[in-house]
Amino acid sequence: MPDASEFQTLHEVVKAARANVPDGPWDYLVGAAETETTVLRNRFAIDSLALRPRVLHDVRMIDCTSKFLGQTMRLPVFVAPMGSVQMLDASAGLGLAKGAEQFGVTSFLSSTASPGLEAVAAACKGPKIFQLYVRGDLAWVEDYVRRAIAGGFHAFCITVDTALYGRRERDVIKRFVPIARRAMTGADFQASISWDLVKWFKDKFQLPLILKGIATAEDAITAVEHGVEVIYVSNHGGRQLDQGVGSLDVLPEVLDAVRGKADVIVDGGFMRGTDVLKGIALGAKAVGLGRVCGFGLGAAGEAGVRRVLELMEIEIRTAMGLLGVTRVDQINQRHVRAAPPIRIPNTLKSAFPHLDLNEGRY
Ligand SMILES: Cc1cc2nc3c(=O)[nH]c(=O)nc-3n(C[C@H](O)[C@H](O)[C@H](O)COP(=O)(O)O)c2cc1C
């Protein structure tokens, strides 16, 4: 396994991950649903914004920290929930959680990531959120909530964009079945959940609730009416509904609808420090990192995840200084403007143009 501290760019992390991760899990990580239009639109949306620098400000002291759900985070980012990551590295969900903890940001633990809620809770005392796919009845959900509370998770996330499992054709074509799908039960529950579940949760528990996978103003308004604390704008990294809108393009309509009555966070295609700043400039409270942390995990386990976040910090600090700001809360809509993207979107090449796609199979 490479020494993660040797990675000087995120490019090197991606390259090392590709060298370590076999073809099946690699395509599971980078792939998306059907024509992969949604995932490409995630990049297209990010690449269609340019940054507007302000000069002649003293930027010797730059503070990249930010607050989310009462926790101070070293960067305005969090590690998005990812399941079946045991296919990328044996440390799996624990590697993601520990990498985030060591660096100093919140991570989401997926209900389909090993080694499971209690093991991660015991090994990782940093800020963490539990994410559930609802695959059982209310008693089953309640059991998870109580275990998450007992394990010190400070919020509970229900993923709501997965009523049916997206057709990820890279996997289907190879007849590759990711670990979490192999013994999957409860698909009917997942298809049946409705706003009644949200009402039930809010009536019963104090733990802040996050709905992950909101992609319209209409659903954001309903979520606010139900008292949901955090609206998580996401299209699951383009892995669920194909032909969707890019996440960053959805963010303004959701923020407009929510009008400050809930925190709004976002993920989808954010791979570089400047990407994160665009999300923050448009008004996200924090930006989720999925695949890019998966690359860190695949490259060097928890140390790789930590290194991804360190490199992200270098990029964010540099960009903040060049934008003329010293605090995250100084970044606003005046720091971005629409601009034509300069590349045809590509899941990897858009963010990592120096990867030589001929050198290995990306
Ligand atoms: C390998 C992988 C596994 C994922 N597993 C889950 C999961 O278990 N639960 C969930 O809510 N989202 C899951 N997602 C979606 C991510 O949480 C996130 O929404 C998405 O990856 C963000 O896009 P990005 O990868 O472009 O950053 C997964 C994504 C990937 C790439």
Per the list (1) in contact with a helix residue (DSSP H, G or I) (Cβ under 6 Å, 6 or more places away or on another chain); (2) in contact (Cβ under 8 Å) with a residue 40 or more places away in the chain; (3) open to solvent by less than 10 Å² (accessible area, probe 1.4 Å), residue check on Ala257 breaks on (3)
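Checking the condition within 11 Å of the ligand (Cβ to nearest atom) and either of a type in the set (A, V, I, L, M, F, W, C) or more than 18 Å from Asp267 (Cβ to Cβ) (or both), which residue from Phe68, Phe78 passes?
Result: Phe78 is the single residue among Phe68, Phe78 that is within 11 Å of the ligand (Cβ to nearest atom) and either of a type in the set (A, V, I, L, M, F, W, C) or more than 18 Å from Asp267 (Cβ to Cβ) (or both).
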Residues of the stretch 331-350 being out of contact with any Ser or Thr (no Cβ under 9 Å at 6 or more places or on another chain), farther than 14 Å from Arg18 by Cβ and either of a type in the set (Val, Ile, Thr) or surrounded by 15 or more Cβ atoms within 10 Å (Cβ to Cβ) (or both), in sequence order, are Ile331, His335, Val336, Ile342, Pro345, Asn346, Ser350
Within the stretch 155-189, count every residue that is of a type in the set (S, T, N, Q) and either touching a Ser or Thr at 6+ places or on another chain (Cβ under 6 Å) or under 30 Å from Arg361 (Cα atoms) (or both).
1
Please verify whether Phe78 is among the aromatic types (Phe, Trp, Tyr) and crowded, with 22+ Cβ neighbours inside 10 Å, treating the condition exactly as stated.
yes
I'd like to know if the stretch 32-42 contains one or more residues that are modelled with pLDDT of 95 or more, more than 13 Å from the ligand (Cβ to nearest atom) and crowded, with 23+ Cβ neighbours inside 10 Å.
no
Which of the helices (runs of 4 or more DSSP H) found entirely inside the stretch 8-50 contain at least 2 residues meeting this: among the polar types (S, T, N, Q)?
37-47
Over the stretch 164-204, the set of residues assigned to a loop (DSSP other than H, G, I, E, B) and open to solvent by less than 50 Å² (accessible area, probe 1.4 Å) is Gly166, Arg168, Phe176, Pro178, Gly186
Looking at the stretch 94-121 only, could you name the residues that are open to solvent by less than 20 Å² (accessible area, probe 1.4 Å), near the ligand (Cβ under 9 Å from one of its atoms) and not aliphatic (A, V, I, L, M)?
Phe108, Ser110
Only one of Arg306, Arg259, Arg239 is more than 18 Å from the chain's Cα centre (by Cα) and of a type in the set (Lys, Arg), namely Arg259
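The values are calculated or read from the model by the stated rules, or taken from the named source; none is laboratory data. Nothing here was measured: the structure is a model prediction, and the numbers come from that model. No Cβ is skipped: glycine too gets one built from the backbone with ideal geometry, and neighbour counts run over all protein chains shown. Remember, those area values only see protein heavy atoms, side chains included, never the ligands or the DNA or RNA. Shrake-Rupley method; radii C 1.70, N 1.55, O 1.52, S 1.80 Å.
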